[in-house]
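For reference, the structure is listed below as C-alpha cells.
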Amino acid sequence: MDDHQLLRYSRHILLPEIGIEGQQRLLDARALLIGAGGLGSPAALYLASAGIGTLTICDGDSVDLTNLQRQIVHREAAVGEKKVDSARTTLLGLNPGIRVNAVAERVSGERLQELVDATDVVLDGSDNFATRHAVNRACVKAQKPLVSGAGIRFDGQLAVFDLRRADSPCYACLFPEDGETEEMRCAVMGVFAPLVGIIGAMQAAEALKLLAGAGEPLTGRLLLLDSLTMDLRTVGLKRDAGCAVCAGR
Ligand SMILES: [Zn+2]
C-alpha cells in the first residue's frame, strides 16, 4: 500500500480484526456481484469504498426512472443507460483505485460458471429464482462463498452459504429448485427504499468479512428483517442430505 492508500483505508486498518493484512487482502480480492439494482447498489458502493481490488457486476437491464427510488448507485442522468455502465461510472468516481468490470447481460450457463470460477466471493442481488438457482449451482460447483440477499415490500432476508465448508447448506437446501416458492418481483410489487439498502449493505459486510478473514460470517443461518417493526431474527439452516444441488459434493 502506498501513503494514499494507507490514509484512504486508515479507518479499516485501525480495526484489529482487519488491520493492514486484512485491508491488503481486500485490495487483492475479486468479488462478483449479480444484479445492479436495489441490493446491488449499496453492496457495490461499500465494496468500492472499502477498496475491493476487482468488482465484476452483471446486469442486463437499463436504468429506469422507477429504479431511482432505491437503486442508489444510479443517477437521474443515467436513465436509459445500461445499469452496469451507470454503476461503473459512480463507483469509479467514488474510488478510482479499484477495477470495475461491467457485464451487460443476464449471465447464465458457461459464462456464469467462468465468472464464478474467477472470483473469491459472489454476492447475489438478483430479482428472480432462475438466476438465484443458477448462481447457487455455479457456486456449489466452484466451491465459492455465496452471500445471498433478498428484499420485497418491507421484508428482507440475508444468508451466507460458504461452499468451501463441507457442512454448509446451499441456497437450494433452503429453497429447492422444484419448490413451490412464489415469485415476488419488485418490478410489480412495492419495495421500501431503505430495506434493500440495509440488506445490500449487510451483503457487503458479509463479503468483506469473508475476504478479510474478520469475525464470523452468517454461514448456516438465515437472517430475517421486518422493517415495518424493525424485528430482526436469525434462524439456523441445515444442509439437506437429499438436496438436488449439493448432496454428495
Ligand atoms: Zn444444497
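The values are calculated or read from the model by the stated rules, or taken from the named source; none is laboratory data. Bear in mind the structure is a predicted one, so any value in this text is a computation, not a measurement. All Cβ positions, even for glycine, are placed from backbone atoms using ideal geometry, and neighbour counts span all protein chains on display. SASA here: full protein model, heavy atoms, side chains in, ligands and nucleic acids out. Shrake-Rupley method; radii C 1.70, N 1.55, O 1.52, S 1.80 Å.
Data overview
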read-out	value
Shape metrics for segment 93-156, restricted to C-alpha atoms - Rg then Dmax, Å	13.2, 36
Within a Gaussian network of the chain (alpha carbon springs, distance under 10 Å), most fluctuating of ALA166, ALA205, ALA31	ALA166
Accessible area of GLU216 in the full protein assembly, 1.4 Å probe (Å², nearest 10)	130
SER148, SER49, reordered so the largest accessible area comes first (probe 1.4 Å)	SER49, SER148
Charge dipole (debye, nearest 20) of the chain; +1 at Cβ of Lys and Arg, -1 at Cβ of Asp and Glu	320
The chain: most fluctuating residue of ASP231, ASP64, ASP124 per GNM, C-alpha cutoff 10 Å	ASP231
Total charge dipole magnitude, segment 1-119, about the Cα centre, Cβ charges on Lys, Arg, Asp, Glu only, Debye to nearest 20	220
Helix-only CD estimate at 222 nm, as mean residue ellipticity for the chain, using -39500 (n - 2.57) per DSSP H run (n ≥ 4)	-10500 deg cm²/dmol
Solvent-accessible area of ARG249 with every protein chain in place, 1.4 Å probe, in Å² to the nearest 10	90
Solvent-accessible heavy-atom area per residue, rounded to whole Å², over segment 1-103 at 1.4 Å	47
Tensor-based shape of segment 74-124 (alpha-carbon gyration tensor, a/c under 1.5 rounded, otherwise prolate or oblate)	oblate
Surface/4 of the Cα convex hull for segment 1-146, nm²	8.8
All Cα pairs of the chain, percent lying beyond 30 Å	22
Hull volume in cubic angstrom per residue (convex hull over the Cα atoms of segment 120-249)	104
4 °C / 1.567 mPa s Stokes-Einstein diffusion coefficient of segment 5-83, Kirkwood radius on C-alpha pairs, µm²/s	94
Most positive-pole-ward Cα, CYS170, PRO42, ALA31, against dipole of the chain from beta carbon charges	ALA31
Charge dipole (segment 1-137, unit charges on Cβ, about Cα centre) - positive-most of CYS58, LEU91, VAL135	LEU91
ASP64-VAL79 pseudo-label distance in nm [points 7 Å out on the Cα-to-Cβ vector]	1.3
Accessible surface of the chain [probe 1.4 Å, protein heavy atoms]: carbon and sulfur percent	52
Other-chain or far-sequence residues with amide H under 5 Å of GLY220's (modelled H)	VAL160, ASP162
Surface accessible to a 1.4 Å probe, per residue, for the residues of segment 149-226, Å²	43
Projected area averaged over orientations for segment 112-187, convex hull of C-alpha atoms, nm²	5.1
